[in-house]
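J.: I have a structure I would like to understand better, so I am pasting it below and will then ask my questions one at a time.
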Amino acid sequence: MSSALITGITGQDGPYLAKLLLEKGYRVHGLTPRRSSDNLWRLRELGIENDVDFVNGDLADAGSVQRAVASVKPDEFYNLGAQSFVAASWDQPVLTGVVDGIAVTHCLEAIRQFSPKTRFYQASTSEMFGLIQAEKQDEKTPFYPRSPYAVAKLYGHWITVNYRESFGLHASSGILFNHESPLRGLEFVTRKVTDAVARIKLGRQKELRLGNIDAKRDWGFAGDYVEAMWLMLQQDEADDYVIATGVTTTVRDMCRIAFGHLGLKMEDHLVIDPKFFRPAEVEVLLGNPAKAKARLGWEAKTSLEQLIRNMVDADMKRVSKETSC
Ligand code: NAP
Ligand code: F7E
């Protein structure tokens, strides 16, 4: 039986990846930091809460990462844990630097010392392209990070490449563009919109306040993207891959899809609030996933329209079940 250790198993991607691996017959371990309240709702929604073995540990605590790797000696290690909200990275830049940057070295060192055959996946990000240097971004496009989050992730990306080249570790970096799902955190713009649209439809909320709706993103479905992570670790050679749909859409148009799905007019409810503008913005991202298609046989299966409609439907169900007060 193959085994995997996943950091960030309680986030959006962790549960989709864990489910995929469990279906393939893996034993799945999840590194979880101590939290004061229950955060297993996503694993519960996918019905796999009791199928994961939890290991205590925090990415910022090198010793705990070492102990986890030394005891599990996983065949595959997926490093998904992060402070992943770009806007929050200006408020907590050092924490973001430690957890999203330096901690990647904690993982790689633990593998190098205690389990050098473990294959490693690093959750890199399209945010590293930031102020884009090419109209369509691929693995060769120069990076230009625009937030403390992106700067930290760039360190994580390059240290992964460096450990591959220095020590021959099977360490791959997935440069994933935005991916969303009904399990997305409420602070991210797609889920903020789909939750608000459901609340407006059900009379629980009147307006939706957003920042820069002219920003453009290449949005895909998280369930499709975790398959790409797994495929990267099945290759003979470790490498870096851009994972994207190849289509970019404004926040405004994404929003219109969500309102339209419930027969609402966006203009009747949308308010622009300067509070949600960022100190530096990534105006547009558009990925070129040709290498992933050619080498991994991977391509995105879910359109933005399907994705947003699914998210709105899921939020309608959730909000309907809430008791109004
Ligand atoms: P997410 O929903 O924010 O989940 C982040 C996970 O990291 C949570 O399980 C969180 O645990 C955990 N975590 C935070 N700090 C930690 C620490 N110090 N030690 C151990 N675990 C910690 O993120 P996601 O959307 O699933 O994304 C997964 C990864 O892909 C992240 O690294 C993200 O930066 C990267 N990424 C995401 C996207 C995207 O569009 N979703 C695109 C490119 C790259 P708690 O819940 O307990 O806080
Ligand atoms: O913002 C604009 C905002 O927070 C998308 C993370 O998973 O993907 C994600 O980062 C866009 C930005 O995602 C609001 O300014 C307007 O231009 O949903 P987001 P993100 O910053 O692109 C990358 C690939 C990651 O790696 C990250 O971990 O939407 N926007 N108004 C807004 N964004 C939010 N959150 N809230 C607003 O009210």
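The values are calculated or read from the model by the stated rules, or taken from the named source; none is laboratory data. Note that the coordinates shown come from a computational prediction; the quantities given were computed from them, not determined experimentally. All Cβ positions, glycine included, derive from the backbone under ideal geometry; neighbour counts span all protein chains shown. Keep in mind that these areas ignore ligands, DNA and RNA; they rest on the heavy atoms of the full protein, side chains included. Shrake-Rupley method; radii C 1.70, N 1.55, O 1.52, S 1.80 Å.
J.: Note down the accessible area of PHE177, probe 1.4 Å, to the nearest 10 Å².
T.: Its accessible surface works out to 0 Å², give or take rounding.
J.: Mind listing the Cα extents of the range 91-189 along all three principal axes, in Å, largest one first?
T.: Over the range 91-189, Cα extents along the principal axes are 40, 30, 28 Å.
J.: Still on this structure: Counting only Cα, what are the radius of gyration and maximum Cα-Cα distance Dmax of the range 1-101, in Å?
T.: Both quantities, over Cα of the range 1-101: 13.6, 43 Å.
J.: Going down the list LYS192/LYS216; LYS216/LYS317; LYS140/LYS293; LYS24/LYS301; LYS140/LYS291, which pairs span over 18 Å between their C-alpha atoms?
T.: Distance filter (> 18 Å) returns LYS216/LYS317; LYS24/LYS301.
J.: Calculate how steeply helix 13-23 sits against the longest principal axis of the alpha-carbon atoms of the chain, using the helix alpha-carbon long axis, and give the answer as 0 to 90 degrees to the nearest 10.
T.: For helix 13-23, the angle is close to 60 degrees.
J.: Carbon-plus-sulfur fraction of the accessible area of the range 220-276, 1.4 Å probe, in percent?
T.: 50 percent
J.: Tell me the Kirkwood hydrodynamic radius of the chain in angstroms, computed as one over the mean inverse distance between distinct C-alpha pairs.
T.: Evaluated on the chain, it is 20.2 Å.
J.: Return the distance in nm (one decimal) between the two label points of a simple spin-label model at ASP53 and GLU207, each offset 7 Å from Cα along Cα→Cβ.
T.: 5.3 nm
J.: Cα centroid distance between the range 180-257 and the range 264-325, in Å?
T.: Between the Cα centres of the range 180-257 and the range 264-325 lies a distance of 3 Å.
J.: Follow-up. By the scheme Lys and Arg +1, Asp and Glu -1, what is the net charge of all other residues having a beta-carbon under 12 Å from that of ALA103?
T.: Once positives and negatives cancel, what remains is -3.
J.: When ligands, DNA and RNA are left out and all protein chains stay put, how many square angstrom of accessible area per residue does the chain have with a 1.4 Å probe?
T.: 44 Å²
J.: Still on this structure: How do 121-128, 262-269 rank on mean C-beta neighbours within 10 Å, highest first?
T.: 121-128, 262-269
J.: At a Förster radius of 30 Å, what calculated FRET efficiency corresponds to the Cβ-Cβ distance of SER320 and VAL271, to the nearest 0.05?
T.: That gives a FRET efficiency of 0.75.
J.: Normalised by the number of residues in the chain, what is the relative contact order in percent for Cα pairs under 8 Å and 6+ residues apart?
T.: 17 percent
J.: Another question about this same structure. Using alpha carbons only, how many angstrom separate the centre of the range 87-151 from the centre of the range 1-79?
T.: So the separation of the two Cα centres works out to 20 Å.
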